[in-house]
Amino acid sequence: MVSTFHGLELGKRGLSVGQASLSTTGQNIANVNTKGYSRQQVNSSASPSLSVWTAQGANTGQLGTGVTIDSITRVRDRFLDQQFRDHSETLGQWQAKQTTLDRLETIVNEPSDSGLNSAMNSLNSAWQDLANEPDSLSAQAIVKERAQGFVEVAQSMNKSMTNLKSELTQQTQEAVAEANDYLKQITELNKSIVRNGNQSNDLKDKRDALVEDLSKLMAVKVDEKSDGSYSISLSSNKQALVAGEKVSEIDVDSVTTNPKSYGGKLAGLGASMDSAIHYQDKLISVVKNFTQANTMTKTGGADQALFIGDADNFNLSELKVNYAAKPLKQPAATDKPSEDAQSYFRELVSELGAESQAAISSVTNHEATLQATENRRQSVTGVSLDEEMANLVKYQHSYNAAARLVSMTDQMLDTIINRMAN
């Protein structure tokens with residue numbers, strides 16, 4: 001037989017679900033502008049029914065007992081989350097490359113009136129003036145001054161490229177430290193989520209935000225276990241980084257040795273280092289060929305060449321102008337080797353410009369792709385004020401109706417208890 005207080009239980013359960021739904025909606029509205037917040041929803045289902053007597057006999061009827069709250073979960077799309085992480089990793093890689101190439105273009109500073117090509121042209125012009133007036137002391141002095149200007153420009157570029165390589169090394173160390181910090185924080189959140197239960201929505205939001213930051217640094221694959229913890233590994237070789245409550249930190253040496261396997265900004269910094277080394281080597285080759293074309297010797301002196309340097313073990317930072325040389329005479333075969341050196345430098349500038357433009361285009365394209373993915377993801381997990389306001393009205397009516405059911409049942413019980421005896 002159904003309890004006399006069955007209606008009160010129905011109403012109470014309706015009130016509980018309505019109150020939870022209203023509170024969850026309020027939570028969504030309050031966090032509409034909170035970065036990393038995932039929209040939450042109350043999942044409910046009909047509670048088990050009671051068997052009742054009917055005209056057909058025992059246990060032939062089912063009487064509902066109301067509603068029960070199953071869970072309060074975040075609204076997420078794992079596929080879109082992984083897509084976002086993948087695009088974020090690719091963008092981070094190209095941004096690191098583009099930043100370095102932009103720095104290299106600034107260092108090379110071509111075309112300009114103060115770059116290396118202009119310095120080489122100025123020295124060639126000074127040689128021509130000396131050829132017209134071989135005995136002119138001022139013409140000889142100008143050749144040496146133009147040569148000194150060439151050396152200063154070349155050494156300044158070389159020093160800037162060396163500094164850039166040092167900065168890239170430091171950035172790699174900082175990125176590795178940052179990645180390890182993210183891994184440790186994710187591991188700690190794994191512990192908290194397992195301890196507090198799989199419905200720890202706020203903790204999961206914090207963890208997902210850390211995973212997204214981590215994906216900018218390297219390419220990762222994320223698997224969620226049944227207890228709510230994350231297992232994280234490298235996408236390239238499945239190297240385990242986080243396994244539940246265990247963390248495996250990465251080290252700078254492994255990243256420097258094989259940056260491509262890590263992806264993201266770490267791979268971009270590795271490629272940036274390769275570019276810096278490549279263009280510095282080309283610069284040194286240009287300077288060496290040009291100085292040799294304009295005569296270079298290991299020792300200075302009146303009867304020696306214009307430049308002082310070791311052709312066999314060329315060191316650009318030690319290159320000097322031989323001010324003691326006199327009288328200066330233009331080498332017989334200066335034109336062709338000098339032109340070849342300048343042509344090689346123009347090739348360097350063209351290669352750098354093309355690579356930089358390709359990097360800028362890639363960054364632009366991947367930014368657009370990432371934004372499109374984020375828009376699709378926000379359409380699922382983001383908070384819509386219009387939708388939440390509509391839910392607010394719906395849940396309010398549901399709550400009011402459940403409250404009315406309790407009041408009506410109370411009146412019925414009052415009639416039975418207090419009035420039937422009269």
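Using 30 Å as the Cα-Cα cut-off, could you pick out the over-long pairs in K216/K394; K159/K265; K206/K238; K206/K260; K191/K394? In this structure, K216/K394; K191/K394 lie more than 30 Å apart at Cα. With the helix formula -39500 (n - 2.57) applied to DSSP H stretches of n ≥ 4, the chain reaches a computed 222 nm mean residue ellipticity of -22500 deg cm²/dmol.
Under a Gaussian network description of the chain, with springs only between Cα atoms under 10 Å, the residue in L266, L116, L328 that fluctuates furthest is L328.
Using r as the Cβ-Cβ distance of E178 and N313, and R0 as 56 Å, what FRET efficiency do you calculate, to the nearest 0.05?
On the way: r = 39 Å, r/R0 = 0.71.
Approximately 0.90, to the nearest 0.05.
The residue list G309, S200, I360 was ranked by how far each Cα lies along the charge dipole of region 80-376 toward its positive end, using unit charges on Cβ atoms, and S200 comes out on top. If R0 is 56 Å, the Cβ-Cβ spacing of D102 and S47 corresponds to a FRET efficiency of close to 0.30. Computed from label points 7 Å out along Cα-Cβ, the spacing between A372 and T169 is 4.2 nm. Legend: calculated FRET efficiency, L8 to E245, from the Cβ-Cβ distance at R0 = 35 Å, rounded to 0.05, equals 0.15. Residue-wise HN-Hα couplings along region 233-241, as the Karplus relation 6.51 cos²θ - 1.76 cosθ + 1.60 with θ = phi - 60° gives them from phi, are 9, 5, 5, 6, 10, 6, 4, 6, 10 Hz; Gly and Pro carry x. Label separation (N237 vs S23): 4.9 nm, computed from points 7 Å beyond Cα along the C-beta direction.
What is the ratio of the Cα radius of gyration of region 66-145 to 2.2 N^0.38 Å, where N is its residue count, to two decimals?
Numbers: Rg = 31.5 Å, N = 80, 2.2 N^0.38 = 11.6 Å.
So region 66-145 has a normalised radius of gyration of 2.71.
Highest mobility in the GNM of the chain, judged by mean-square fluctuation with C-alpha springs under 10 Å and restricted to R76, R146, R195, is found for R195. Scattering from the C-alpha atoms of the chain alone, worked out with Debye: what is log10 I(q)/I(0) at q = 0.06, 0.11, 0.12, 0.13 1/Å? Debye curve over Cα of the chain, log10 I(q)/I(0) at q = 0.06, 0.11, 0.12, 0.13 Å⁻¹: -0.50, -0.93, -1.01, -1.08.
Charging the Cβ of each Asp and Glu at -1 and of each Lys and Arg at +1, and nothing else, the dipole of region 41-122 about its Cα centre rounds to 520 debye.
List H397, H366, H6 from most exposed to least, where exposure is judged by having the fewest other Cβ atoms within 10 Å. Each step should come with its number before you reach the end.
Numbers: H397 11, H366 19, H6 16.
With the fewest neighbours first, H397, H366, H6 line up as H397, H6, H366.
Looking at region 315-367, which trypsin sites (Lys or Arg not before Pro) are DSSP coil and have at most 15 other C-beta atoms within 10 Å of their C-beta? Walk me through the intermediate numbers first.
Values: sites: K320, K329, R346; in loops: K329.
Hits after loop and neighbour filter: K329.
A simple spin-label model places pseudo-atoms 7 Å from Cα toward Cβ; at A403 and R195 they are separated by 3.9 nm.
What ranking of I308, I142, I416 emerges when the number of other C-beta atoms within 10 Å of each C-beta is taken as an exposure proxy, fewest first? Write down the numbers at each step before the final one.
Working: I308 22, I142 18, I416 11.
Going from sparsest to densest Cβ surroundings: I416, I142, I308.
By the count of other C-beta atoms within 10 Å, a proxy for reagent exposure, M157, M273, M408 are ordered fewest to most as M408, M273, M157.
Cross-link pairs exceeding 19 Å between alpha carbons, from the set K288/K336; K97/K221; K144/K329; K144/K326; K282/K329: K97/K221; K282/K329.
FYI, it's all coordinate maths here, none of it is from the lab. As the structure is a computational prediction, the values presented were derived from the model and not from experiment. A quick note on method: Cβ atoms are made from the backbone with ideal geometry, for glycine too, and the neighbour counts reach across all protein chains shown.
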